[in-house]
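Below you'll find the structure, written out as structure tokens, and then a few comments.
The values are calculated or read from the model by the stated rules, or taken from the named source; none is laboratory data. Remember, predicted model here, so these are calculated numbers, not experimental data. Here the Cβ is made from the backbone with ideal geometry for all residues, glycine too, and neighbour counts use every protein chain on show.
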Amino acid sequence: MELEKIDEEDGKLRFVVKDSSPAMMNAIRRISMNQIPVLAIEDVGIIENSSALFDEIVAQRLGQIPLVFDPKKFDAREECDCEEGCVNCEAKFTLQKEGPGKVYSGDIVSESDDVEILYDGIPITELDENQEIELEATAIVSIGEDHSKHQAAISSYQYYPIIDVDQEELTDDEKEECVEVCPRNVFEVDDGKLKIVDEKRCTLCKECVQETDFDGITVTSDEEKFIFKIESVSSLNPEDILEKTAEILDGKAEKVIGKLG
Ligand code: SF4
Ligand SMILES: [Zn+2]
């Protein structure tokens with residue numbers, strides 16, 4: 001299996017995978033979404049909440065706030081040697097604010113030097129005059145399979161497109177129509193020829209084949225080559241998510257080999 005990076009921006013990583021299979025792509029997809037440990041608020045102790053929201057809703061909102069943490073420093077609570085929670089398996093937060101005004105994620109105070117709130121502007125609740133919120137919260141590391149608030153990424157893949165253009169079969173008008181009909185701007189007409197600008201943009205929608213019904217164009221796919229996308233929905237960057245995915249996959253393979261004796 002060979003990987004080649006296409007691009008990475010705004011927490012989204014795209015890469016080409018050669019010499020692989022749908023089974024392997026699915027394994028990477030599922031692990032990257034559901035098995036990567038991510039820190040999220042789990043326990044909330046409400047001291048005061050006179051806002052319009054129920055305590056449970058406030059706690060649920062806190063759980064969805066992405067946290068910046070060092071994955072190497074945190075153990076899952078059940079795997080930690082301590083009995084009642086420690087700095088290796090928990091991160092503590094406090095929140096105290098009086099109305100009037102909105103309460104944002106940026107109002108949460110982290111008690112740990114190496115844990116931060118990723119975005120300050122996420123609204124939690126709103127306080128009127130004489131209303132107040134005060135709480136303590138504890139975050140733990142867990143995986144997306146247990147709860148979506150621990151999900152690291154949204155991952156997907158598609159087969160690598162193979163686009164064949166027969167210049168002789170297409171008239172100039174038909175070439176222009178191919179350019180217009182493609183929603184991904186895969187084609188351009190240059191010097192009278194229909195050129196493929198970038199086949200990696202193609203989503204295999206087949207609009208160029210079905211809408212036009214031209215003989216001079218075919219779109220198929222390579223069954224051993226894929227375009228994979230990892231979009232981080234946590235504070236982890238997609239390359240780290242991919243690296244951790246490979247590590248977990250490796251561990252699973254070792255276990256299977258171990259069972260074979
Ligand atoms: S299959 Fe769809 S995305 Fe791909 S080249 Fe044709 S129209 Fe464009
Ligand atoms: Zn611990």
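Brief remarks on what is shown
- Qualifying residues in the stretch 171-184 (those that are of a type outside the set (Val, Ile, Thr) and either in contact with a Pro (Cβ under 6 Å, 6 or more places away or on another chain) or within 26 Å of Lys225 (Cβ to Cβ) (or both)) - the one nearest to ligand 2 (Cβ to nearest atom): Arg184
- Test: Val189 is more than 13 Å from ligand 1 (Cβ to nearest atom) and either in a strand (DSSP E or B) or touching a residue at least 12 places away in the same chain (Cβ under 8 Å) (or both): yes
- Meeting the requirement of 1 or more residues that are more than 21 Å from Thr203 (Cα to Cα) and not assigned by TED's automatic domain parsing to the domain that holds Val16, the strands (runs of 3 or more DSSP E) wholly within the stretch 113-183 are 123-127, 132-142.
- When residues of the stretch 185-200 are limited to those that are farther than 12 Å from Val165 by Cβ and touching a helix residue (DSSP H, G or I) at 6+ places or on another chain (Cβ under 9 Å), the one farthest from ligand 2 (Cβ to nearest atom): Gly192
- Residue count, the stretch 81-112 (criterion: of a type outside the set (Lys, Arg) and either outside any loop (DSSP other than H, G, I, E, B) or in contact (Cβ under 8 Å) with a residue 60 or more places away in the chain (or both)): 14
- Count - residues of the stretch 36-78 that are outside any helix (DSSP H, G or I) and buried (at least 19 other Cβ atoms within 10 Å of the Cβ): 15
- Test: residue in the stretch 212-233 that is in contact with a Pro (Cβ under 8 Å, 6 or more places away or on another chain), away from ligand 1 (no atom under 16 Å from the Cβ), touching a residue at least 24 places away in the same chain (Cβ under 8 Å) and small (Gly, Ala, Ser): yes
Every residue, every condition in (1) part of a helix (DSSP H, G or I); (2) of a type in the set (S, T, N, Q); (3) more than 30 Å from Ser148 (Cα to Cα), yes or no:
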position: Asp213; (1), (2), (3): no, no, yes
position: Asp222; (1), (2), (3): no, no, yes
position: Phe228; (1), (2), (3): no, no, no
position: Leu249; (1), (2), (3): yes, no, no
position: Ala253; (1), (2), (3): yes, no, no
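Residue-by-condition table, conditions (1) within 11 Å of ligand 1 (Cβ to nearest atom); (2) surrounded by fewer than 14 Cβ atoms within 10 Å (Cβ to Cβ); (3) over 27 Å from Arg30 (Cα atoms):
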site: Gly99; (1), (2), (3): no, no, yes
site: Ile117; (1), (2), (3): no, no, no
site: Thr125; (1), (2), (3): no, no, yes
site: Asp128; (1), (2), (3): no, yes, yes
site: Gln151; (1), (2), (3): no, no, no
site: Val165; (1), (2), (3): yes, no, yes
site: Glu174; (1), (2), (3): no, no, yes
site: Asn185; (1), (2), (3): yes, yes, yes
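- Counted residues, the stretch 67-89 - those being more than 8 Å from ligand 2 (Cβ to nearest atom) and of a type in the set (Val, Ile, Thr): 1
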